[in-house]
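A.B. asks: Handing you this structure, nothing more for now.
The values are calculated or read from the model by the stated rules, or taken from the named source; none is laboratory data. Worth saying up front: this structure is predicted, and the values here are computed from it rather than measured. Every residue, glycine among them, receives a Cβ derived from its backbone with ideal geometry; neighbour counts consider all protein chains shown.
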Amino acid sequence: MRIGVNARTFSVDEPGGSVQSMRKITRELIQRDDVSVVLYGNSCLSGEFPNATQVHSGGFFSNSPFFGVLWERTVLPMLVDADEIDVLLCPNGNAPPVGVGVPIVTYVHDVNALKGMSSWVHQIYRRTMVPLGVRNSEAIVTVSEFSKGEIVDHLPVDPEDVHVVYNGVDEFFLQDGGSEPMDLPDDYFLYVGAMNPRKNVRRLVDAYTQIHDEIDQKLVLIGPRNKSMFKTMDVEASENIITPGFVPRPQLKYAYENADAFLFPSLYEGFGLPPLEAMACGTPVIAANSSSLPEILDGHATFVDPYCTEDIEDALCDNDLNDNEDDLVCHSNKFTWDDSTDQLFKILTNYC
C-alpha cells in the first residue's frame, strides 16, 4: 500500500504533543515492509525521515503556519492528484476541503478550538476548515473514547466513521538509560506541556504558591513556547518556580525520573501523553479528573478537580501518592506505538 501523508505541520519548531505523536506514528509506518510512504511538506523532511519513499515539497516555500494552511488547500491536492497513492493520511485535522482522487483519513485529536480554547484566529480557522475536511474524509481517527464523543457532538460525522487509536509511549522512556542530567533542584514537582490556559498552569502555579512554604519541593515547568495561534499566558520564573522552556528528550527523561511527582491538572485533553511518560519513568502522577485523563490513566494517578485550587493544594501536600513504580511502569507499557501503528494500518487498509 502506498500512503501519502500531509506532513505540513511536521517541520514546525518546538512541535506540540499532537504533532510529535503524529511524527512518531509516521516513522513507524515508514518502517513497515508492506507500505511505502510519501510525505508532502517542507523539503527538510528528507533529513528527518530518510527512509520515506519520497518527499514532495512542490510550492512549499515557507514554514509560516498561514502559508502552510494556504499550501495544503491549493497545492497539496494537485500534488496528490499527480501521484499514485492509495490513501491520504492527514494527521492533524488538516484534510483538504476538496477531493484528491483517493480516500482521505484524517486525525482529529480533540475539538478544543471549536470550544473556544484557542485564539480567535485559530478558532475561526478550525471552525471553518475542520468541518470541511471532515466532510471530505472517508474516516476520522482520534486518540480516545472521550475525543470520539466530542467529535461526534461537534463535527458532521457518523459515530461509525470515527475510530479510536490510542497514542503510544516511546520506548525511550521505558528502557534503562538514555537520560542526560540538567540543572534542577534536589526536590521538585514537574509539569510538562505548553503555557496554554487550557493546560491550567495558572491554577497550578497559584496552588503551589499558596503552599510552597509548607513543602520542600520547587516547581519545574518544562515546555515549548506557546504558538501565536493559541491563547497564551506568562509564568514568571522565581526562586521557587523554574522554567527551562523546551528541552531535548534526554533531559526531559532525566526531569521525569527525578521528580517527586508529575503534575497535570489540564482542563481539556484529547489524550494526555506526558503523564504516561512520567509513569514510564516510575514517577507518581497528579492529574485532572476530567476530559480524557481518567480514561487514559485508569486509576493509576491521584485525581483532582482542576477547577478547585484547594484540591490541587491538598494533592501537592499529600504524602500518600501512588508511588508503586512497578504498577506505574506496567500501566504505561499498555500503550505502545507498535499497537497504534497496527490499528492505524488496518483502518487505512479498509478505506483503500
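A.B. asks: List the pairs whose first member sits in segment 317-344 and is modelled with pLDDT under 95 and surrounded by 13 or more Cβ atoms within 10 Å (Cβ to Cβ), whose second member is outside any helix (DSSP H, G or I) and not hydroxyl-bearing (S, T, Y), and whose Cβ atoms are under 6 Å apart, counting only residues at least 6 apart or on separate chains?
C.D. replies: So the pair list comes out as L321/A261; L321/P284; N322/P284; D323/P284; E325/G282.
A.B. asks: Being charged (D, E, K, R) and either closer than 23 Å to G223 by Cβ or in contact with a Leu (Cβ under 9 Å, 6 or more places away or on another chain) (or both): is that true of R32 here?
C.D. replies: no
A.B. asks: When you check V134 against the structure, is it outside any strand (DSSP E or B), under 18 Å from V19 (Cα atoms) and either hydrophobic (A, V, I, L, M, F, W, C) or in contact with a His (Cβ under 7 Å, 6 or more places away or on another chain) (or both), yes or no?
C.D. replies: No; evaluated as a whole, the condition is false for this residue.
A.B. asks: Moving on to the next point. For H109, all conditions in the list (1) surrounded by fewer than 22 Cβ atoms within 10 Å (Cβ to Cβ); (2) closer than 19 Å to I25 by Cβ hold save one; what is the number of the exception?
C.D. replies: Tallying (1) surrounded by fewer than 22 Cβ atoms within 10 Å (Cβ to Cβ); (2) closer than 19 Å to I25 by Cβ, H109 fails exactly one: (1).
A.B. asks: In addition: Collect the residues in segment 163-193 that are free of Cβ contacts under 8 Å to residues at least 24 places away in the same chain and either touching a helix residue (DSSP H, G or I) at 6+ places or on another chain (Cβ under 7 Å) or crowded, with 17+ Cβ neighbours inside 10 Å (or both), keeping them in residue-number order.
C.D. replies: V164
A.B. asks: Right, something else. From N289, N240, grab the single residue that is at pLDDT 95 or above and either outside the structural domain of L316 (by TED's automatic domain parsing) or surrounded by fewer than 22 Cβ atoms within 10 Å (Cβ to Cβ) (or both).
C.D. replies: Being at pLDDT 95 or above and either outside the structural domain of L316 (by TED's automatic domain parsing) or surrounded by fewer than 22 Cβ atoms within 10 Å (Cβ to Cβ) (or both) holds for just one of N289, N240, which is N289.
A.B. asks: Just give me the residues in segment 175-198 being at pLDDT below 95 and closer than 25 Å to S291 by Cβ, in sequence order.
C.D. replies: If the condition is that a residue be at pLDDT below 95 and closer than 25 Å to S291 by Cβ, then G193, A194, M195, N196, P197, R198 are the ones that fit.
A.B. asks: If you go through segment 179-209, how many residues are polar (S, T, N, Q) and more than 22 Å from M279 (Cβ to Cβ)?
C.D. replies: 2
A.B. asks: Next question. Got a sec? Which of G223, G282, G299 is at pLDDT below 95, surrounded by fewer than 19 Cβ atoms within 10 Å (Cβ to Cβ) and not assigned by TED's automatic domain parsing to the domain that holds E14?
C.D. replies: Exactly one of G223, G282, G299 is at pLDDT below 95, surrounded by fewer than 19 Cβ atoms within 10 Å (Cβ to Cβ) and not assigned by TED's automatic domain parsing to the domain that holds E14, namely G299.
A.B. asks: Next question, about the same structure. Looking at segment 251-305, which of its residues are touching a helix residue (DSSP H, G or I) at 6+ places or on another chain (Cβ under 8 Å), within 20 Å of L219 (Cα to Cα) and charged (D, E, K, R)?
C.D. replies: Across segment 251-305, the qualifying residues are K253, E277, D305.
A.B. asks: Right, next: Go over the candidates R127, R202 one by one and state the one that is at pLDDT below 95 and under 24 Å from F246 (Cβ atoms).
C.D. replies: When all the criteria are applied, what remains is R202.
A.B. asks: Going by the structure shown, is V152 more than 27 Å from M279 (Cα to Cα), in a helix (DSSP H, G or I), modelled with pLDDT of 95 or more and touching a strand residue (DSSP E or B) at 6+ places or on another chain (Cβ under 9 Å)?
C.D. replies: yes
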